[in-house]
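Read the structure below first, then the notes.
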Amino acid sequence: MGVAVIHRDICLAWQGTSCRACWHACPFPNEAIVLDERGRALVDEKACIGCGICDNACITEPSSIVITPRGNG
C-alpha cells in the first residue's frame, strides 16, 4: 500500500474553508490524519495505511488527497 499526500494548494481547509471530509472518513482519525490548530488536515505517514478512503471522501475536484507509493510523497 501507499500513503496519503495532501495537495495543500487545492485542499479547502488549507485555503481557509472549513472542511474535515478526509478526517471524518479516515479509519484512523487523530492517528493517520490529524487536524492542526487551524483545522487543517495533516497526514502522519507512520500511521497512514494508504487505503484511499480519504481520497474518495475528498470533495474537491480533482481530489486534494492522492495515495502515493511509500517513499514517493
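The values are calculated or read from the model by the stated rules, or taken from the named source; none is laboratory data. All values reported here derive from a predicted model rather than from experimental measurement. Virtual Cβ from ideal backbone geometry, glycine too; neighbours counted across all protein chains shown. The protein model used for the area step is the full one, side chains on, heavy atoms only, and it has no ligands, DNA or RNA in it. Shrake-Rupley method; radii C 1.70, N 1.55, O 1.52, S 1.80 Å.
Summary table
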read-out	value
Residue satisfying all of: in the range 45-66; within 15 Å of Arg8 (Cα to Cα) and over 9 Å from the mean Cα position of the chain (by Cα); surrounded by the most Cβ atoms within 10 Å (Cβ to Cβ) among these	Ser63
Selection count, the range 22-53, where residues are on the phi > 0 side of the Ramachandran plot and in contact with a strand residue (DSSP E or B) (Cβ under 7 Å, 6 or more places away or on another chain)	2
Sole exception among (1) open to solvent by less than 50 Å² (accessible area, probe 1.4 Å); (2) free of Cβ contacts under 8 Å to residues at least 12 places away in the same chain; (3) not small (Gly, Ala, Ser) for Cys19, by number	(2)
Residues of the range 1-30 satisfying the condition of being within 10 Å of the chain's Cα centre (by Cα) and under 15 Å from Pro62 (Cα atoms)	Ala4, Val5, Ile6, His7, Arg8, Cys11, Ala21, Cys22
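For (1) among the charged types (D, E, K, R); (2) open to solvent by 30 Å² or more (accessible area, probe 1.4 Å), each residue gets a yes or a no:
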site: Asp9; (1), (2): yes, yes
site: Trp23; (1), (2): no, yes
site: Ile33; (1), (2): no, no
site: Glu37; (1), (2): yes, yes
site: Arg40; (1), (2): yes, yes
